[in-house]
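Working notes, beginning with the structure itself.
The values are calculated or read from the model by the stated rules, or taken from the named source; none is laboratory data. Only a predicted model underlies this, so the values are computations on that prediction, with no experimental measurement involved. Don't worry about glycine lacking a Cβ; one is built from the backbone with ideal geometry, like all the others, and counts go over all protein chains shown.
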């Protein structure tokens, strides 16, 4: 029997990408032929994000673009993931180009649909469930890094966020299974950097009855001989404990990097967001900065939250100036139907919110340049990721204080190193986000 040729498109965050990696593995296991591009495939599956309207817009654009391929022989267009979980049955009438819809975690039903080759009457959307832990997956990230999703869902109830509705409550994968997968990635794939991800890493193990679950997981992972770099992504300030902060000081394999979205600093705005107050944020930063090892903190801010005044924004701006985050992202509030924040009035004008975002980013660009210039002349251990995308005459890599895809890079213009090697690089030039350096032989 001729195998169905399937192409998979993954949209959204790294956590979504891990879902795609598990899906692709299952497709291979069920004897489907995977091809990298939609052109020439019989079936295209799009794993969507539905967190904010911009992500939904991007997903719809991809759906409509792929639907055009039906004129060239594409038989089935399948949409999967968060957008389906968010909008459910209403999608069928809005986008008739799609042949089947599957919500979060409905991968087994999706596989059954593909094998049965039957028409889908209604979108398959049910209560969010985690993907069954498969261990094996087809890594879609470029060597030498990989993501390790340690939990699904979120117990936080931020007033602007749909994640608990889309993904459900926190469900953590057992420590032993995560250790075994990390060992496979290190020993069989040669992965040099593992990036732990979930909606909030600090919630890890709370559903398993673990105290300090993230610390217990890290202790287990650090007993392995590799990989040499372990990075933590997406942590809430209220989950930063003394024990966790101490691990950053004592464990060299734990990258000196914390991704900790604070959203705002003004107590009234944080209260409206249904998040703990500024003292919790300041305490977390204090814990992370109390040791000799410098920890790079990346944070995310939200401006234009309903009723945010100029004075409240100024408080946020001054806090950013004083705190001096190494990496910072700023988003304009997006009113999402189904959230409590969507009902708060009055809303901040879009033009005002944009000005506030731009003002914060202008400051951060200047601070980033200042910080990077201080690195000139220093020798930094750098994970070599391969040739520069624009020329093979240059190499690119990252320091341990740079996360993949969202932070800057180190461009290497002199010397040789192998892909995946952690090489010593002397910094010779500095720009707002990127550094330039040469291999120290």
Output the residues belonging to the range 13-39 that are surrounded by fewer than 21 Cβ atoms within 10 Å (Cβ to Cβ) and closer than 17 Å to residue 64 by Cα. 37, 39
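When you go through 190, 213 one by one, which is the residue that is more than 26 Å from residue 385 (Cα to Cα) and modelled with pLDDT of 95 or more?
Working: 190 fails: more than 26 Å from residue 385 (Cα to Cα).
Within the list 190, 213, the selection yields 213.
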Residue check for residue 115: closer than 24 Å to residue 209 by Cα and either in contact (Cβ under 8 Å) with a residue 60 or more places away in the chain or assigned by TED's automatic domain parsing to the domain that holds residue 49 (or both): no
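Assigned to a loop (DSSP other than H, G, I, E, B) and crowded, with 20+ Cβ neighbours inside 10 Å: is that true of residue 275 in this structure? Reasoning before the result, please.
On the way: assigned to a loop (DSSP other than H, G, I, E, B): yes; crowded, with 20+ Cβ neighbours inside 10 Å: yes.
So residue 275 fits the description; yes.
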Subset of the range 40-87 [in contact with a strand residue (DSSP E or B) (Cβ under 6 Å, 6 or more places away or on another chain) and either surrounded by fewer than 15 Cβ atoms within 10 Å (Cβ to Cβ) or in a loop (DSSP other than H, G, I, E, B) (or both)]: 41, 42
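Within the range 313-331, track down each residue that is without any contact (Cβ under 8 Å) to a residue 24 or more places away in the chain and either crowded, with 21+ Cβ neighbours inside 10 Å or not assigned by TED's automatic domain parsing to the domain that holds residue 245 (or both). Spell out how you get there, then give the answer.
Taking the range 313-331 and keeping what is without any contact (Cβ under 8 Å) to a residue 24 or more places away in the chain, we get 314, 318, 322.
Matches in the range 313-331: none.
Restricting to the range 179-194, name every residue that is in contact with a helix residue (DSSP H, G or I) (Cβ under 7 Å, 6 or more places away or on another chain) and within 14 Å of residue 139 (Cα to Cα). So that I can check it myself, show each step before the final result.
At the first step, the residues of the range 179-194 found to be in contact with a helix residue (DSSP H, G or I) (Cβ under 7 Å, 6 or more places away or on another chain) are 179, 182, 191, 194.
182, 191, 194, listed by residue number.
So that you can scan it fast, the table gives a plain yes or no per residue for (1) crowded, with 17+ Cβ neighbours inside 10 Å; (2) without any contact (Cβ under 8 Å) to a residue 12 or more places away in the chain:
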{"position": "239", "(1), (2)": "yes, no"}
{"position": "245", "(1), (2)": "yes, no"}
{"position": "259", "(1), (2)": "yes, no"}
{"position": "268", "(1), (2)": "no, no"}
{"position": "285", "(1), (2)": "yes, no"}
{"position": "291", "(1), (2)": "no, no"}
{"position": "294", "(1), (2)": "no, no"}
{"position": "311", "(1), (2)": "no, yes"}
In the range 107-134, what count of residues is obtained for those that are modelled with pLDDT of 90 or more and part of a loop (DSSP other than H, G, I, E, B)? 0
For residue 207, state whether it is more than 19 Å from residue 254 (Cα to Cα), surrounded by 15 or more Cβ atoms within 10 Å (Cβ to Cβ) and either without any contact (Cβ under 8 Å) to a residue 40 or more places away in the chain or in the same structural domain as residue 252 (by TED's automatic domain parsing) (or both). yes
